1. So which residues in region 450-475 are open to solvent by less than 30 Å² (accessible area, probe 1.4 Å) and either within 16 Å of the ligand (Cβ to nearest atom) or touching a Cys at 6+ places or on another chain (Cβ under 6 Å) (or both)?
2. Within region 228-238, is even one residue free of Cβ contacts under 8 Å to residues at least 40 places away in the same chain and in contact with a strand residue (DSSP E or B) (Cβ under 9 Å, 6 or more places away or on another chain)?
3. Could you check how many residues of region 517-549 are within 16 Å of the ligand (Cβ to nearest atom) and of a type in the set (Asp, Glu)?
4. Between residues in region 31-48 that are free of Cβ contacts under 8 Å to residues at least 12 places away in the same chain and residues that are part of a helix (DSSP H, G or I) and buried (at least 16 other Cβ atoms within 10 Å of the Cβ), which pairs lie under 7 Å by C-beta distance while being six or more apart or on different chains?
5. Enumerate the helices (runs of 4 or more DSSP H) found wholly within region 1-57, keeping only those where 3 or more residues are farther than 22 Å from Cys107 by Cβ and not hydrophobic (A, V, I, L, M, F, W, C).
6. Tell me the strands (runs of 3 or more DSSP E) entirely within region 262-357 that contain at least 1 residues that are of a type in the set (S, T, N, Q).
7. Go through (1) aliphatic (A, V, I, L, M); (2) assigned to a helix (DSSP H, G or I); (3) in contact with a Gly (Cβ under 7 Å, 6 or more places away or on another chain) and name the single condition Val224 misses.
8. Pick from Val295, Val249: which is modelled with pLDDT of 95 or more and either touching a Leu at 6+ places or on another chain (Cβ under 6 Å) or over 22 Å from Leu7 (Cβ atoms) (or both)?
Amino acid sequence: MALISELHRLQEQHGYLRASDLRDLAGRLRVPLYKLQGLASFYPHFRSAPPPAMEISVCRDMSCYLNGSPVFTRALETEFAADCAAGRAEVRPVSCLGRCDNAPAACVNGRPLPPTAPADTQERARQVAAWARQPGGIPEEEAGGASRTWRMDPYGKPEERYGILRRLPPPLTRNEAQPLSAREADPILATLEEAGLCGMGGAGFPTATKWRLVREQAETPRYVVVNADESEPGSFKDRVILAELPHLVVEGAALAGRVVGAAKVIIYIRHEYEPERRLLAREIERARAAGVLPVPMEIFISPGGYILGEETALLEALEDRRGEPRNKPPFPVSHGYQGRPTVINNVETLAMVPGILTRGAGWWKEQGQGGCTGLKVIAISGEVERPGIHEISLGLPLKDLLAAAGGVSGGRALAAVAPGGASSSFLPAGAVDTPLDFKAMQDAGSMLGSGAVVVMAKGTDLLDVATNVVTFFRNESCGKCVPCRTGTEKAVRILSDLQGGNGSRARIDLLPLLGETLRLTSICGLGQVALDPILSLLEHFPDAVTSRLPGACDEN
Ligand code: SF4
């Protein structure tokens, strides 16, 4: 953590990492210079050259792509043409910014466009230019502030917060992490187990089992890491939870810490979530000042990259290495942060814990519908009238969520849905009766993942969307596994040629084989699912692909 935090500090100070600063840092911390250069070149957040006065980052990924980000990018390039030529501005397409509810999303000097930005592309670009040129840039907005009622929040009034933590006996000593006694911990674990709470970040591992496994390890110190590195195109529910329910995240993480006897809780947050980081830091301070925070808790700012959402890549970053996933086993429950037993939980998973422990497993189970149990926070974006997040009963039919979001944008018909964000297989419109539930979505041939429904309207070129998604995975592959590194590039070339009218049936037929190769040989989920969207397109919408072959009649 020390090296990456230092790199953040230096970049903050000078706008980029100067070669002289890297040399000084290497000498001061007695680390080889190549190690610092290796970190600086791996992580997309670090710059090796001075930034221009106006740095415009535009999201190019799935939900923003569906909402015209290529046209928006061109409009921005026109607006800033003279500034770019003079070196005063840079318009840079970037990976998903986690603001798919305000698509096409963009940042000016790291500050996100507010929801009040005009929807019309040209006006939006003009407004960005006006904000970028005014002193202070985009007016700073406070994240959160929405007045929605959350079923998962058991606390009616602010003074009631941290009720579960307050009921536990204080730690014996502030200097030594002690797990709760079996008398205190067992009911907590039993309740979470009975509720069936599973990881909400996409992996779905039972939370109580994970906590128990770490608690049972003989090795110390133990750690809790909160994964707030949500980077899946289409996913932004953790951002909203961090902004509106930070007290539940802090309490859930502290409870995990007490159960396993953690020496420290580290909240790993993506650097693009700066407004949410500030709110979280304030909440941690509030809890500390109120004397209800029994475990040291700190925030680590990610240096960027989708792959860091993978838990072992995240650990590598925390340990000042390039964020490449580890071979597993061993798993983090026994060999996590610094090789010690570590609980890694997603933001939403931890935020659900206080509600379950306050109201009981029975209450949690009743929150589901149609035979499913529990609540889920789902983000819906893409070509939908009102993108946003919804706290739903698991089991709610997909069509009901779509209706709650105002339906397909512009009153169009539905073509396809990616229910779990960019990495999930596309489902055809006929799947709208499918319940939003992990098992049901799997049975339907896709996955709920972290809960990121991306809607595609009839008339949208689905091959272009699938190519956009595969390109995202090509860009974000860490490069550790050769099949993932070269296979995603190969797939992008096949699809780009097809888009350009130079495809062939023989090369399309290679895609399932390539997908299977990646599935069998990639060590992490990115490579394993990278081609799923295009393979699902071949399965459900073969015409969207074959109609682009030279000589084919374009029926799309
Ligand atoms: S599958 Fe891809 S992203 Fe995952 S470790 Fe291998 S190269 Fe990196």
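The values are calculated or read from the model by the stated rules, or taken from the named source; none is laboratory data. Here the structure is a predicted model, which is why all the values come from computation and not from measurement. Here Cβ is always computed from backbone atoms with ideal geometry, including for glycine, and neighbour counts include all displayed protein chains. These accessible areas exclude ligands, DNA and RNA; they are computed on the full protein's heavy atoms, side chains included. Shrake-Rupley method; radii C 1.70, N 1.55, O 1.52, S 1.80 Å.
1. Val469, Val470, Phe472, Phe473
2. Restricting attention to region 228-238, the residues satisfying the condition of being free of Cβ contacts under 8 Å to residues at least 40 places away in the same chain are none.
No, that holds for no residue.
3. 1
4. As it stands, the answer is Pro32/Ala26; Leu33/Leu22; Leu33/Ala26, since those pairs meet every condition given.
5. Working: elements: 2-14, 19-29, 33-42.
So the answer is 19-29, 33-42.
6. Hits in region 262-357: 297-302, 342-346.
7. The one condition Val224 does not meet is (2).
8. On the way: Val295 fails: modelled with pLDDT of 95 or more.
Selected residue: Val249, the only one of Val295, Val249 that is modelled with pLDDT of 95 or more and either touching a Leu at 6+ places or on another chain (Cβ under 6 Å) or over 22 Å from Leu7 (Cβ atoms) (or both).
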